[in-house]
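The next block holds one structure in the form of structure tokens; read it before the comments.
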Amino acid sequence: MLISAALSLSLTVASPSLAEPHKKDIAMRLVSSAENSSLDWKAQYGYIEDIEDERGYTAGIIGFCSGTGDMLELVELYTKRRPGNVLARYLPALREVNGTDSHEGLGARFVKDWKTAAKDPAFQRAQNDERDRVYFKPAVRQAEKDGLRALGQFAYYDAIVMHGPGNGRLSFGGIRKSALAKARPPARGGDEVAYLNAFLDARKAAMKAEEAHEDTSRVDTMQRVFLRDRNLDLRPPLTWKVYGDKYTIKK
């Protein structure tokens, strides 16, 4: 009984979930290196620009977009928690531009007010909570069901951040479906490395299908590097490149 308990504890320690606080912080730094060319993800609450990917404004710690609905849901949550906030006035405009790349009713004033709101701890908490609800928790939950360790959980998370949580061909669900057609995940008796290679292949194909995402270095010189090193638990030190820039997480 003691041997069994010790073995169970050893396995738990050996394979921490991405949801473990330090692993989650690593995941956020990895994403920030690709999204914002910085490891300081907490400095990105006020980030906002149109990156010309037909999704309108991209903003905040996870790239909430005015054209995809998640920015609208974020501002609705913030307004529910803090009525009369500086972004509340833009809710009608955000509803109008949802599904488009339009700036109608937003523009420079909205950009300025977003940066002002980003200094409010309540808005920061709202960003954290929406990141978890829409992206982080669903990605980790699905990866765990597929029997994937921290690297696989991160691969799912990074994919869902960029491509969205839907089931379309270029969304996370479509990418996963393509991977499943090529390899079985560990939960279905497959090899974890082989499955992750299939997933990253499908992810690259989805990225290349969109002009704004055609640089695949966050797969090629980040995730694939960790996979080649068999670092399935995403253990530091980690060294990678994105867009040619080199980053390191020492611990």
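Could you order Arg125, Arg131 by accessible surface area, starting with the largest, using a probe radius of 1.4 Å? Walk me through the numbers on the way to the answer.
Numbers: Arg125 130, Arg131 15 Å².
The ranking, largest first, comes out as Arg125, Arg131.
Need one value: the accessible area of Val225 in square angstrom, 1.4 angstrom probe, rounded to the nearest 10.
Surface open to solvent at Val225 totals about 30 Å².
Can you tell me how the chain classifies by the Cα gyration tensor, rounded, prolate or oblate, using a/c under 1.5 as the rounded cut?
On the way: a/c = 1.94, a/b = 1.61, b/c = 1.20.
The shape class here is prolate.
At 1.4 Å probe size, with no ligands or nucleic acids counted, give the accessible surface of Asp129 in Å², nearest ten.
It works out to around 60 Å².
Using the Karplus curve 6.51 cos²θ - 1.76 cosθ + 1.60 with θ = phi - 60°, what ³J(HN,Hα) values do you get for each residue of region 91-105, in whole Hz, with x for Gly and Pro?
Those phi angles translate into 4, x, 5, 5, 5, 5, 8, 4, x, 10, 9, 5, 9, 3, x Hz.
State whether region 34-134 is rounded, prolate or oblate according to the following rule on the C-alpha gyration tensor (a ≥ b ≥ c being the square roots of its eigenvalues): a/c under 1.5 gives rounded; otherwise a/b larger than b/c gives prolate, and the remaining case gives oblate.
Values: a/c = 1.44, a/b = 1.06, b/c = 1.36.
It comes out rounded by the Cα gyration axes.
Between the helical axis of 150-163 and the dominant principal axis of the chain, each derived from Cα atoms, what acute angle in degrees is found, rounded to the nearest 10?
In the chain, helix 150-163 runs at an angle near 30 degrees to the longest axis.
Which part of region 85-104 falls in the paramagnetic zone of Asp129, meaning amide N under 14 Å from the point 7 Å along Cα-to-beta-carbon?
Residues passing the 14 Å test: none.
According to a simple spin-label model (label point 7 Å from Cα along Cα-to-Cβ), what is the distance in nm between Ala212 and Ser37?
1.8
From the phi angles alone, apply the Karplus equation (6.51, -1.76, 1.60; θ = phi - 60°) to region 69-74 and give each ³J(HN,Hα) in whole Hz, x where the residue is Gly or Pro.
Rounded to whole hertz, the list is x, 6, 5, 4, 5, 5.
Full extension from Asp25 to Lys119: what is 0.36 nm times the residue separation minus their Cα-Cα distance, to one decimal in nm? Mind dumping the intermediate values first?
Working: separation 94, 0.36 × 94 = 33.84 nm, distance 2.02 nm.
Additional length available on full extension: 31.8 nm.
Run the numbers for Asn231 and Arg141: contour at 0.36 nm per residue of separation, minus the present Cα-Cα distance, in nm. Walk me through the numbers on the way to the answer.
Details: separation 90, 0.36 × 90 = 32.40 nm, distance 2.00 nm.
Difference between extended and current length: 30.4 nm.
Among all the aspartates and glutamates, which ones have a C-alpha under 18 Å from Lys250's C-alpha, if same-chain residues fewer than 8 places away are not counted?
Within the straight-line limit of under 18 Å, Lys250 reaches these aspartates and glutamates: Glu20, Asp25, Asp40, Asp229, Asp233.
Give a quick list of GluC sites (Glu not before Pro) in region 14-103 that DSSP marks as loop, anything other than H, G, I, E or B, with at most 12 other Cβ atoms within 10 Å.
On the way: sites: Glu35, Glu49, Glu52, Glu54, Glu73, Glu76, Glu96; in loops: Glu52, Glu54.
Answer in residue order: Glu52.
Set the Förster radius R0 to 41 Å, insert the Cβ-Cβ distance between Tyr243 and Lys182 as r into 1/(1 + (r/R0)^6), and round the FRET efficiency to 0.05.
On the way: r = 28 Å, r/R0 = 0.67.
Calculated value: 0.90.
Do you know the relative contact order of the chain, to the nearest whole percent, from alpha carbon pairs under 8 angstrom that are 6+ apart? It would help to have the intermediate numbers written out before the result.
Working: 348 pairs, mean separation 38.5, N = 251.
Value for the chain: 15 percent.
In the Gaussian network model of the chain, springs joining C-alpha atoms below 10 Å, which of Ala43, Ala198, Ala179 carries the largest mean-square fluctuation?
Fluctuation is largest for Ala43.
Starting from the 7 Å offset along Cα-to-Cβ, what nm value, one decimal, do you get for the label separation of Glu104 and Asp53?
Label-label distance for Glu104 and Asp53, simple model: 2.4 nm.
If you only keep lysine pairs separated by 8 or more in sequence, or across chains, how many in region 95-226 come under 27 Å at the Cα atoms?
14
The values are calculated or read from the model by the stated rules, or taken from the named source; none is laboratory data. On a predicted model such as this, the values are computed, not experimentally measured, just so you know. Counting neighbours? That spans all protein chains shown, and the Cβs are built from the backbone with ideal geometry, glycine included. Keep in mind that these areas ignore ligands, DNA and RNA; they rest on the heavy atoms of the full protein, side chains included. Shrake-Rupley method; radii C 1.70, N 1.55, O 1.52, S 1.80 Å.
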